Each structure stands twice: as C-alpha cells, then as structure tokens.
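Inspection log for the structure reproduced underneath, given as structure tokens.
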Amino acid sequence: MATPERRSGPRRAREKGPGGAAAWFLVLPALLPILILSVGPLLYGIVLAFTDAQSGRTRSTQWIGTLNFQDLLHDTLFWDSFRIGLLWAFGVTIPQFLLALGLALLLNQRLRMRWLARALAITPWAMPEVVVGIMWRLVYNPDAGILNETIRDLGLGDGRDWLTGLATALPAVILVGIWAGMPQTTVALLAGLQNTPHELHEAAALDGAGAWRRFRTVTWPAIKPIALAITALNFIWKSMNWRPVGPSPAYPLIHQWWMGNNWEMI
C-alpha cells in the first residue's frame, strides 16, 4: 500500500530587518543630537575638571590633575550644601511617598463624590511654581502670615520668621515640597491600584486575610514596580530642584553652591 506523502508545513520566511550600516543609518538622526548635545559636553566637562579652566576666560588651560577635587574635599560650604541637599531630598521623598500611598488607597475606595476628591487632590500639581512660591511665602510671612496669625490667635506666642534659620527654614521648605509633589506620586500609585484585579482582593478576603495582609500580599506586589520607579524619580527631581519659597541663601543646596562658584569665576 502506498503511503501518502507528508506535506511539509508552510515554511516561514525569515524576516530580515535592516542590518549593519543600514541600521546605523536609521538610528543616526536620533543618535547625533544625543552625542552632540549630551555625551560631548559631558566628556568635555570631565576633562575640564582636571585642568585650571575657568568660566568665561579664554586664556590657555593647564593640566592640574586632581587638584580641583582636593580643594573640593576641604570646602566646608560644599559639604554643608551636600548635607542640606540630602536632608532636603530624603525629607521630601519619603514622607511624600507615604502620604501619597495613603491618599491613593483612599481615593481607590468607592466614595461619594470621588471624582471631586480626585480633582482636588491633583490641584497643587496644576499650579505654576511661581504661584506656589508666592502662596507659601504668604503663609510663612513673619509679620502678617497665616501661620503666625494662627499662632497668635491661639495664644501660642508671637510667631517667628520661618525662612531665616536652618532649624525652621528647611522643615518649612520640605513641607512645601511634599505638598507640591504629592499629587504626581498619588496619580502614579492610583493608576497601579486600579490595574490590580479586584478578584485577588476578594479571594484573599475569603481566605480570611485582613486588610494589612491583603495589602502586603496583593496590593504591594502589584504596585511595587510603580512605587520604586516613582520614588527614584522623585529623589532625582528633588536632588536637582528646589521650590521658589526657599531655602535661605545662607543655606544653599549643592547645585546652588555650584552655580555661585561658576558666577564668581566669570
């Protein structure tokens, strides 16, 4: 008996994308601006750090090795600025995340007028930084500020100038940073909570899991990637940014110290 011939399945043609020089040619328009505007100046700045070059001066430079870094290690203003910068970044990022997580969990519940609560929660995010600075300066004003007036009305004292001494200026500015940046973190965490399947919470509740155990075993694993990403971004942004309400010029952050040194060299 003749056996039927087996038909071989259709062979998939290998998809050949552009390779070699053609691939680099396609990437080049996007790669050139990055190389010219980012990588080039970065490498040039690293080289200048080992020379005696100064901003705005066209004289020839000489190679001095690590002398600039040795001077930096003995600059007390640099270390004070670095310490204040770390206090500012950590002092804003950690409380901001915890408060935003609590607010996101609350806004994820079935509440009346939930749409209004969510709209009010992101109001600080929609305000320009100039408006935020003016508003909080009015709050901290030593003569007629809302905070000092409240303290006087409650008979707790005469108030004080909140933005002069480091003991009060840094916590005051940290409070502004938390208030202004919390909506962005809340929105990111709320998006992660809404993508968590509700069936998982119901199954955990049926198994007898309490609220804390459901959060630890269901909610947190679902939002952990978002939480880590937004926390890292917040820390980087706070390290490179400060709100217009402060801090006092007597207590600069690290990038303010750097800008001041550059202006002195021009």
Item to check | Cα centroid of the range 54-116 to Cα centroid of the range 141-161, whole Å | outcome: 30
Item to check | Förster radius 35 Å - calculated FRET efficiency between PHE90 and LEU35 (Cβ-Cβ, nearest 0.05) | outcome: 0.55
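Length gain on complete extension for the stretch ASP207 to TRP237, per 0.36 nm per residue less the alpha carbon to alpha carbon distance? Can you show the working numbers first?
Values: separation 30, 0.36 × 30 = 10.80 nm, distance 4.17 nm.
Length gained between ASP207 and TRP237: 6.6 nm.
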Item to check | Global geometry of the range 60-187, whether rounded, prolate or oblate, following the gyration tensor of its Cα atoms and the 1.5 cut on a/c | outcome: oblate
Checklist entry - What is the spin-label model distance, in nm, from HIS74 to LEU120 if the labels are put 7 Å beyond Cα along the C-beta direction? => result 5.8
Checklist entry - Rounded if a/c is under 1.5, else prolate if a/b beats b/c, else oblate: with a ≥ b ≥ c from the C-alpha gyration tensor eigenvalues square-rooted, which is the range 34-88? => result oblate
Checklist entry - Stretch ALA22-LEU154 to full length: gain in nm at 0.36 nm per residue minus the Cα-Cα span? => result 40.1 nm
Checklist entry - So how much slack lies between HIS198 and ILE146, counting 0.36 nm per residue of separation and subtracting their Cα-Cα distance, in nm? => result 14.3 nm
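Read-outs throughout are calculated quantities, based only on the coordinates presented, and are distinct from any laboratory measurement. Since this is a predicted model, take the numbers as computed values, not measurements. Glycine also receives a Cβ, built like all others from the backbone with ideal geometry; neighbour counts cover every protein chain displayed.
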